[in-house]
Number of protein chains: 4
Amino acid sequence: MSGQERVRAVLENRLVQRAVILVIVVNAITIGCETSAYLMERAGGLLHAIDRVALAIFTVELAARLYAYRTAFFRDPWNWFDAVIVAVALIPASGPTSVLRALRILRALRLVSAVPSMRRVVGALLAAVPGMASIIGLLVLMIYIAAVIATKLFGEIVPERFDELPRSLFTLFQIMTGDDWGNVAQEVMEHKPWAWIFFIVYILMSTFVALNLFIAVVVNAMNDVDPAETSEPTELAAVKQELAAVNAKLDRLLMRERQEELRSPADR
Amino acid sequence: MSGQERVRAVLENRLVQRAVILVIVVNAITIGCETSAYLMERAGGLLHAIDRVALAIFTVELAARLYAYRTAFFRDPWNWFDAVIVAVALIPASGPTSVLRALRILRALRLVSAVPSMRRVVGALLAAVPGMASIIGLLVLMIYIAAVIATKLFGEIVPERFDELPRSLFTLFQIMTGDDWGNVAQEVMEHKPWAWIFFIVYILMSTFVALNLFIAVVVNAMNDVDPAETSEPTELAAVKQELAAVNAKLDRLLMRERQEELRSPADR
Amino acid sequence: MSGQERVRAVLENRLVQRAVILVIVVNAITIGCETSAYLMERAGGLLHAIDRVALAIFTVELAARLYAYRTAFFRDPWNWFDAVIVAVALIPASGPTSVLRALRILRALRLVSAVPSMRRVVGALLAAVPGMASIIGLLVLMIYIAAVIATKLFGEIVPERFDELPRSLFTLFQIMTGDDWGNVAQEVMEHKPWAWIFFIVYILMSTFVALNLFIAVVVNAMNDVDPAETSEPTELAAVKQELAAVNAKLDRLLMRERQEELRSPADR
Amino acid sequence: MSGQERVRAVLENRLVQRAVILVIVVNAITIGCETSAYLMERAGGLLHAIDRVALAIFTVELAARLYAYRTAFFRDPWNWFDAVIVAVALIPASGPTSVLRALRILRALRLVSAVPSMRRVVGALLAAVPGMASIIGLLVLMIYIAAVIATKLFGEIVPERFDELPRSLFTLFQIMTGDDWGNVAQEVMEHKPWAWIFFIVYILMSTFVALNLFIAVVVNAMNDVDPAETSEPTELAAVKQELAAVNAKLDRLLMRERQEELRSPADR
């Protein structure tokens, strides 16, 4: 067994895989604990130490995988995912930027790539996206058009909601989720009483499109998963096989009868 | 090849179609940019120029399509859609009405008619509407009845919500979407403590009807799309065909036996 | 043709039925108009006159139906529905109670019984209710239990939300619909910081049960409607019929062979 | 009939079971009434008496069941459920802790174990949970990651929402339910204008995952319940049985033909 194979055996060992999952979970918890001033005061050193150890383990594990699988490593997109997360985790150590430090918790996402059932769930979620592309495009188009109209018509009346296109986009996204839209509409309607037309048309249309987006996902999911449907063809296949056997036997019968017929005039 | 056919070939050229889509997208972006005072100051002339060029391209393309397809042009509802949008886009150039200027962005809807997959999505959305007509009618009837009752009972107590029928309709639509209904109900209940009956009955009934509206759409969608269901009849058809062959062979066997029987008494 | 049959023919005439629908719609609009002080000042007399005429027409039509169908009249629940609505409409004429006057608009519900497609939709909605009884019961039980707990624990802290059982029930219904629950929870959490447990458990459980209520409705609807499913048994039935024919022919073949066999020893 | 069997017969008597259900309902109502200061003043003694009687009945019934079924008692999880509820109900009598007193109403949950249809509904609800474990895990992971990021980035800006991890978790759960998220986002955006990225990404992702959680439940439910699907295999089974008969008969035919063939050379 070569060194490469030995490393591979270790990596595919169930205990090792569970240990890695444990390290991910522990690390996620310690990063969470670091947000608490109380805990940092008392156990800050310990938390940082655990964090550094965990990062070291991740780096070693990734390097081991790279060594064990070589080029095959880059074929699995989940490996890319892990590599990016570990790489990002290595960067903030150098700079003290607060955003990058906050993003360190993204390391917890490695849980997804380490637990097979989660990997499958995320795979299924992502697989559902392309089928929804057209409807999402339509939804984005609708929000964009509504935002341009709202900026032009209501921008000067309610500047804190509609003064610029980006803010209008945000407000209209908020309205689409149904949050507090009554107040926004009423603020506008104080100046332009006919504005209810805009809001009601927008809500009805965006809800209807979002509803159909939802339906597209459900219909896709049902067609993909449905096991009852797929079990039946096998049943039918059995019927077909039996029927083929019947047919073959009939062919043999017919053949023999013909032979007999051919022979019989001579016989008799 | 006549001039008409040449124009048609150009219009159906993939590159030309992509170019039109590009013009639509660019135009949508420039109209969006026009909402920004900052950009208008710096590049207002350019934005207006692009806008005018885009409109010219749309007009030319529409005229070309009208020339190329003649009467067939009017048979496709998407062409009517494009024609109306371009016509509306040509009007506001003459008058400075702010609403019409704001509606110029509707031109971006041409993206729907230009991209086949979006066309299909919108077609599917519109096809779902007739099947929901009865439930939508019921929902509108319920909101109308609730609005008349609310105006009569609560109009004098909470005039900013229920003073006139249109405002009551708006408030009840808002309540149906679940936005801030608790506050509206509490304002009313301060004066009429039994008003919770009205609001809870209204919410339960409107939600239930809206839920069934939703279900009608889902059930329609599933029946339309389901490909697994349609694949099976072909399987069954194969079984039936095979069975028919078996039957025919048996008929031949029976026929021969009968012939033999008829002959045999003479033979023997 | 007896008088009874003649009345029945008139009632079942399409034009008469449409006229009744028209009267219902016009009456619904005039009752709506009566809520407007502006319109009442100018055309109050006209509106009241139309109202009285419409009520007279409803009464006459109902009496005619009673005369035409006699006892069969009481067998259709929709006739009971109409009778109750007309009866309620006749009462408020005598007394000036505001609530009863407001309920006059319920007359517009006659539209449901007069339009066949609406009748069917409402029938389908009501048919869905019994299947959901257990889940609705569970939901009511959950809200009741949560309301008793909330009244005991939070009644003295936030009396305007939880002071008495009925108010707690209202607040918890509001929380279940997701309206403004964050604020309610925060008010309570100011005094009892652990209250988030109660709110999050309540929201998760009530949402989960409500979601399953929804699923029960969808599953019921799909099983009722699914036409693709029902078409297949006929396909299979055809296969079965053909197979039975095959079997019968084989029986005849076997019978003949046996007869031949029985005869042949003697022959030869 | 032994004493054990007699007790069992009594417990399984329909009238006895209905009486127990009645006691549960009455007890639930009296516990609800105890929250009213007005009723406690007037009928507090009666309410407490009913409560004690009900608890006694529950204890006796549970003891009887334990006596009647012996070890089989512990095999049904619903019996454990009842035992725990009655045990909890017996504790607070000793101590005056307000929380435990409030939890007395949980006794009403015995209604679930006493009514078979409710038992089935709850069983179905619980059976749906394991299938959703991965998606729930993903959702929890997402909220946790978002909460850590939010605490680090927004903790100092909006301390009343994000100062500590637990509060951030609560706020993000609230945002996921769509309640008042616009205000939270706007508070943060006053200081960090780019914060909309965080909120919109979080809302889109959590809604998408929650939606898929929902779909998983629906798909599970449909596969479990679908009776149309299960009826077909029986149809197919009939076809298969018939086909097997056909095959057997053909085998007999072939066998005879062969025998004849073997005999015939000798005969002729």
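The values are calculated or read from the model by the stated rules, or taken from the named source; none is laboratory data. As the structure is a prediction and not an experimental result, all values here were calculated from the model. All Cβ positions, glycine included, derive from the backbone under ideal geometry; neighbour counts span all protein chains shown. Accessible surface areas use protein heavy atoms only, side chains included; no ligands, DNA or RNA. Shrake-Rupley method; radii C 1.70, N 1.55, O 1.52, S 1.80 Å.
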Based on this model, can you work out whether A:Ile135 counts as modelled with pLDDT of 90 or more, in a helix (DSSP H, G or I) and either assigned by TED's automatic domain parsing to the domain that holds A:Glu190 or at positive phi (or both)? no
Among the residues of the range A:149-168 satisfying the criterion of being at the interface with chain B (Cβ under 7 Å from one of its Cβ atoms) and closer than 16 Å to A:Ile197 by Cα, which is surrounded by the most Cβ atoms within 10 Å (Cβ to Cβ)? A:Thr151
Kindly indicate whether any position in the range A:239-247 is more than 7 Å from chain B (Cβ to nearest Cβ), surrounded by fewer than 18 Cβ atoms within 10 Å (Cβ to Cβ) and at pLDDT below 65. no
Number of positions in the range A:147-166 that are in contact with a Ser or Thr (Cβ under 8 Å, 6 or more places away or on another chain) and of a type outside the set (Phe, Trp, Tyr): 11
Quick one: is D:Asp267 in contact with a Lys or Arg (Cβ under 7 Å, 6 or more places away or on another chain), open to solvent by 20 Å² or more (accessible area, probe 1.4 Å) and at pLDDT below 75? yes
Residues of the range D:38-52 satisfying the condition of being open to solvent by 20 Å² or more (accessible area, probe 1.4 Å) and either outside any helix (DSSP H, G or I) or under 16 Å from D:Val88 (Cα atoms) (or both): D:Arg52
Options D:Ala64, D:Ala127: the member that is over 16 Å from the mean Cα position of the chain (by Cα) and among the small types (Gly, Ala, Ser): D:Ala64
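I'd like to check something: does the range C:226-235 contain any residue that is acidic (Asp, Glu) and modelled with pLDDT of 70 or more? Can you show your working first?
From the range C:226-235, those acidic (Asp, Glu) are C:226, C:229, C:232, C:235; that's our starting set.
With the extra rule that they be modelled with pLDDT of 70 or more, the set shrinks to none.
No, there is no match, as no residue in the range C:226-235 is acidic (Asp, Glu) and modelled with pLDDT of 70 or more.
Sort out which residues of the range B:174-202 are within 14 Å of chain A (Cβ to nearest Cβ) and assigned to a helix (DSSP H, G or I), and write them in order of number.
We begin by selecting, within the range B:174-202, every residue within 14 Å of chain A (Cβ to nearest Cβ); these are B:174-185, B:187.
Residues satisfying the conditions are B:Gln174, B:Ile175, B:Met176, B:Trp181, B:Gly182, B:Asn183, B:Val184, B:Ala185, B:Glu187.
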Can you say whether D:Val84 is open to solvent by less than 90 Å² (accessible area, probe 1.4 Å), within 14 Å of chain C (Cβ to nearest Cβ) and farther than 18 Å from C:Leu165 by Cα, as far as the supplied structure shows? no
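Being within 10 Å of another protein chain (Cβ to nearest Cβ), part of a helix (DSSP H, G or I), closer than 30 Å to A:Leu165 by Cα and open to solvent by less than 30 Å² (accessible area, probe 1.4 Å): is that true of D:Phe208 here?
Details: within 10 Å of another protein chain (Cβ to nearest Cβ): yes; part of a helix (DSSP H, G or I): yes; closer than 30 Å to A:Leu165 by Cα: yes; open to solvent by less than 30 Å² (accessible area, probe 1.4 Å): no.
Taking the combined requirement at face value, the residue does not satisfy it.
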Look at C:Ile145 and say whether it is touching a residue at least 12 places away in the same chain (Cβ under 8 Å), assigned to a helix (DSSP H, G or I) and crowded, with 19+ Cβ neighbours inside 10 Å. no
From the set of residues in the range C:99-117 that are open to solvent by 20 Å² or more (accessible area, probe 1.4 Å), aliphatic (A, V, I, L, M) and within 9 Å of another protein chain (Cβ to nearest Cβ), which is farthest from C:Phe173 (Cα to Cα)? C:Val115
Across the range D:130-142, what is the total count of residues that are more than 9 Å from every other protein chain (Cβ to nearest Cβ), more than 14 Å from the chain's Cα centre (by Cα) and free of Cβ contacts under 8 Å to residues at least 24 places away in the same chain? 1
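Does the range D:197-206 include one or more residues that are at pLDDT below 90 and not assigned by TED's automatic domain parsing to the domain that holds D:Ile31?
Checking the range D:197-206: not a single residue is at pLDDT below 90 and not assigned by TED's automatic domain parsing to the domain that holds D:Ile31.
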Looking at (1) open to solvent by 50 Å² or more (accessible area, probe 1.4 Å); (2) more than 10 Å from chain B (Cβ to nearest Cβ); (3) at pLDDT below 85, find the lone condition where A:Val217 falls short. (1)
Quick one: B:Leu125 ticks every box in (1) surrounded by 16 or more Cβ atoms within 10 Å (Cβ to Cβ); (2) under 25 Å from B:Ala19 (Cβ atoms) except a single one, so which number is it? (2)
Consider A:Thr35 against the criteria (1) part of a loop (DSSP other than H, G, I, E, B); (2) more than 27 Å from D:Phe162 (Cβ to Cβ): it satisfies all of them except one. Which criterion is unmet? (2)
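Given the structure, is C:Leu62 assigned to a helix (DSSP H, G or I), more than 26 Å from B:Ile143 (Cβ to Cβ) and open to solvent by less than 50 Å² (accessible area, probe 1.4 Å)? Walk me through it before giving the result.
On the way: assigned to a helix (DSSP H, G or I): yes; more than 26 Å from B:Ile143 (Cβ to Cβ): yes; open to solvent by less than 50 Å² (accessible area, probe 1.4 Å): yes.
In short, yes.
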